[in-house]
Amino acid sequence: MYRELLEKLTAGNQWANVQEPCPEEEIQRAEEYVGFTFPKELKAMLRETNGDNWLLLSAERIISHVKGNREMFPEYLDPDEFEEKVNRFVFFATNGCGDYYCYRVLDNGETDTSAIYIWEHELFEVREVAKDIADLITKYYNDEV
């Protein structure tokens with residue numbers, strides 16, 4: 001489903017490159033590093049394509065981006081702010097300008113799958129942009145987000 005949608009929407013896009021499926025052990029490693037269980041739809045997407053080198057991050061890049069955020073933002077925020085404004089999200093896509101598309105993680109540690117959000121890095125604010133990953137992909141590649 002995700003692979004076919006991406007291939008259709010990225011046809012002719014010189015930057016997007018739909019990748020091969022992500023090995024299960026890489027998905028598990030990314031979950032462990034992030035510290036939250038990935039939603040079923042994110043795992044399903046990664047099992048079909050390990051990112052597209054444009055919008056969607058590979059499991060390895062998810063780890064890399066979280067690592068970078070964990071190294072950079074603590075110097076700007078106190079520990080509680082960092083936990084609430086940066087570390088309580090599952091980032092899986094980017095707009096290329098430092099902002100991420102993500103899921104929120106609730107206080108109980110469960111991932112909220114009711115919407116996809118954009119996390120704006122300059123203000124540490126989130127707003128809803130899509131109902132699920134397929135909706136995000138469609139809106140992104142149709143210039144609607």
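The values are calculated or read from the model by the stated rules, or taken from the named source; none is laboratory data. Computed from a predicted structure; not experimentally measured. Glycine also receives a Cβ, built like all others from the backbone with ideal geometry; neighbour counts cover every protein chain displayed. For accessibility, only protein heavy atoms count, side chains too; no ligands or nucleic acids. Shrake-Rupley method; radii C 1.70, N 1.55, O 1.52, S 1.80 Å.
Can you work out ³J(HN,Hα) from phi for every residue in region 47-55, in order, using Karplus 6.51 cos²θ - 1.76 cosθ + 1.60 and θ = phi - 60°, giving whole Hz and x for Gly and Pro?
Those phi angles translate into 5, 8, 7, 7, x, 10, 6, 9, 8 Hz.
Express in Å², to the nearest 10, the accessible area of L9 obtained by rolling a 1.4 Å probe over the protein heavy atoms while all chains stay in place.
For L9, the solvent-accessible surface is approximately 40 Å².
Working out 0.36 nm times the residue gap between E128 and N95, then minus their Cα-Cα distance, what length gain in nm do you get to one decimal?
Taking 0.36 nm per residue and subtracting the Cα distance, the gain is 10.4 nm.
Please report Rg (one decimal) and Dmax (integer) in Å for the Cα set of region 29-71.
10.2, 30
What accessible area, in Å² to the nearest ten, does a 1.4 Å probe give for K139?
Approximately 50 Å² for this residue.
Over the chain, with every protein chain in place, what whole percent of the accessible area is carbon and sulfur at 1.4 Å, could you tell me?
Using a 1.4 Å probe with all protein chains present, the chain comes out at 46 percent carbon and sulfur.
For D132, enumerate residues with amide H under 5 Å from its amide H, sequence gap 5+ or separate chain, H modeled in the peptide plane.
I116
How big is the accessible area of D78 in square angstrom, nearest 10, if you roll a 1.4 angstrom probe over the protein chains?
70 Å²
Tell me, what ³J(HN,Hα) does each residue in region 123-133 have, in order and in whole Hz, if you take phi through Karplus 6.51 cos²θ - 1.76 cosθ + 1.60 with θ = phi - 60° and put x for Gly and Pro?
Listing the rounded values in order: 10, 6, 10, 10, 8, 5, 10, 7, 8, 6, 5 Hz.
Go through region 93-106 residue by residue and turn each phi into a ³J(HN,Hα) via Karplus (6.51, -1.76, 1.60, θ = phi - 60°); whole Hz please, and just put x for glycine and proline.
8, 9, 8, x, 10, x, 9, 10, 9, 7, 9, 8, 10, 6
For a Förster distance of 22 Å, can you work out the FRET efficiency between the beta-carbons of E25 and S64, rounded to the nearest 0.05?
0.85
Could you compute how fast the chain diffuses translationally, taking Rh as the Kirkwood radius over C-alpha pairs and applying Stokes-Einstein at 20 °C with viscosity 1.002 mPa s? Give it in µm² per second.
The diffusion coefficient I find is 140 µm²/s.
How many Å² of accessible area per residue for the chain, probe 1.4 Å?
Ligands and nucleic acids excluded, the result is 54 Å² per residue.
Can you figure out the FRET efficiency of E120 with M1, using R₀ = 35 Å and their beta-carbon distance, to the nearest 0.05?
Plugging the Cβ-Cβ distance into 1/(1 + (r/R0)^6) gives 0.75.
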